[in-house]
Amino acid sequence: MTEIIVVTSGKGGVGKTTSSASIATGLARRGHKVAVIDFDVGLRNLDLIMGCERRVVYDFVNVVNKEAGLKQALIKDKRYDNLYILAASQTRDKDALSQDGVERVLNEIKAEGFDYIVCDSPAGIEKGATLAMYFADQAVVVVNPEVSSVRDSDRVLGLLASKTRKAEQGERMKEHLLLTRYSPSRVAAGEMLSIADVEEILGLKAIGVIPESQDVLSASNSGEPVITNTASDAAQAYDDAVARILGEQRPMRFTQAEKKGFFTKLFGG
């Protein structure tokens, strides 16, 4: 049975595509057959983060419009044989996607025996975003711990509860909160919302807390999902989040500010 996971947010620039790439890679690393789809038509970025931009010949819109077959458009990841990428088009607009076309492509992917389909949604609440979430079984809502990001994500939660197939069938989608760019020291200084603040406002429990890290930008620039850099705190936090999505119990790490030692306090730093 294929599980469809949409990775979504109300605000742009919160780390949604980075999260989609790492979640898909993390699932594949655990032996699952995974397809990750870029729904951000016109603003293609997933292929860059996955390091396959030069291998894109056909894209999602080509398959939706029957201009290419699914097997022609799916790109096999160079790191994992059970991970595939379906890139977005850079030359079309959001109207190139239709609900019937998206459903047909998702059904074709399911028929190929995939365990998970990860849908990298565009930000906001326009057509591409609503199509990305419509057929989903689970949603990962990516939020930065700041007021504007939380407020916009609250609107997305409203759509998940009302504008999806599960909602139409009277079912509740499984929703997960993923906090990104979290800085315990800034929380302690009152410059950022705490995990408890965001959970209370949105009424969701955090499935993962990704610390603010230069490793995320470095990984994106080198075409590697950050989860592959196993020495990085961000990579370990993404791995924890994937484990929790799969039902494992793990303690939440990287959520406390480091306490300064005596000599650091004495001499500064």
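The values are calculated or read from the model by the stated rules, or taken from the named source; none is laboratory data. Being a predicted model, the structure only gives us computed values, none of them experimental. Here the Cβ is made from the backbone with ideal geometry for all residues, glycine too, and neighbour counts use every protein chain on show. Protein only, heavy atoms only, side chains kept; ligands, DNA and RNA dropped before computing areas. Shrake-Rupley method; radii C 1.70, N 1.55, O 1.52, S 1.80 Å.
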Mean Cα-pair separation over length for the range 156-225, i.e. relative contact order, pairs under 8 Å, 6 or more apart, %: 31 percent
HN-Hα J in Hz across the range 231-241 - Karplus 6.51, -1.76, 1.60, θ = phi - 60°, x for Gly and Pro: 7, 7, 4, 4, 4, 5, 5, 5, 4, 4, 4
Prolate/oblate/rounded label for the range 1-64 (Cα gyration tensor, a/c 1.5): rounded
Cβ charges +1 (Lys, Arg) and -1 (Asp, Glu), total dipole of the chain, debye: 320 debye
Per residue value of the accessible surface for the chain (all protein chains in place, 1.4 Å probe), Å²: 46 Å²
Nonlocal amide H pairs with residue 180, under 5 Å, H built at 1.01 Å: 143, 144, 210
Relative contact order for the range 133-269, counting Cα pairs under 8 Å that sit 6 or more residues apart, in percent: 22 percent
Distant-in-sequence amide H partners of residue 84 (H built 1.01 Å from N, under 5 Å): 34, 35, 36, 77
In order through the range 210-220: 3J(HN,Hα) via Karplus (6.51 cos²θ - 1.76 cosθ + 1.60), integer Hz, x for Gly, Pro: 9, x, 4, 7, 5, 4, 5, 5, 4, 5, 4
In Hz, Karplus ³J(HN,Hα) per residue of the range 116-122 (6.51, -1.76, 1.60; θ = phi - 60°; x = Gly, Pro): 9, 10, 9, 9, 7, 7, x
Calculated SAXS-style log₁₀ I(q)/I(0) at q = 0.12, 0.14 Å⁻¹ - the chain, Debye, Cα scatterers: -0.68, -0.93
Along principal axes, Cα extents of the range 37-78, largest first, whole Å: 26, 22, 14
Distant-in-sequence amide H partners of residue 14 (H built 1.01 Å from N, under 5 Å): none
Summed residue charge, Cβ within 12 Å of residue 80's Cβ, Lys/Arg positive, Asp/Glu negative: +4
Total formal charge among the other residues, if their Cβ is under 15 angstrom from that of residue 214, Lys/Arg +1 and Asp/Glu -1: -3
Pairwise centroid distance, computed over Cα atoms, of the range 8-78 with the range 86-108, Å: 12 Å
Sulfur and carbon atoms: percent of accessible area, the range 68-150 [1.4 Å]: 45 percent
The range 1-126, Cα convex hull volume normalised per residue, Å³: 97 Å³
Antiparallel bridges, percent of DSSP beta bridges restricted to the chain (to nearest 5): 5 percent
Against the rule of thumb 2.2 N^0.38 Å, how large the Cα Rg of the range 127-221 comes out: 1.18
Relative contact order (%) - the range 27-158, alpha-carbon pairs under 8 angstrom, separation at least six: 31 percent
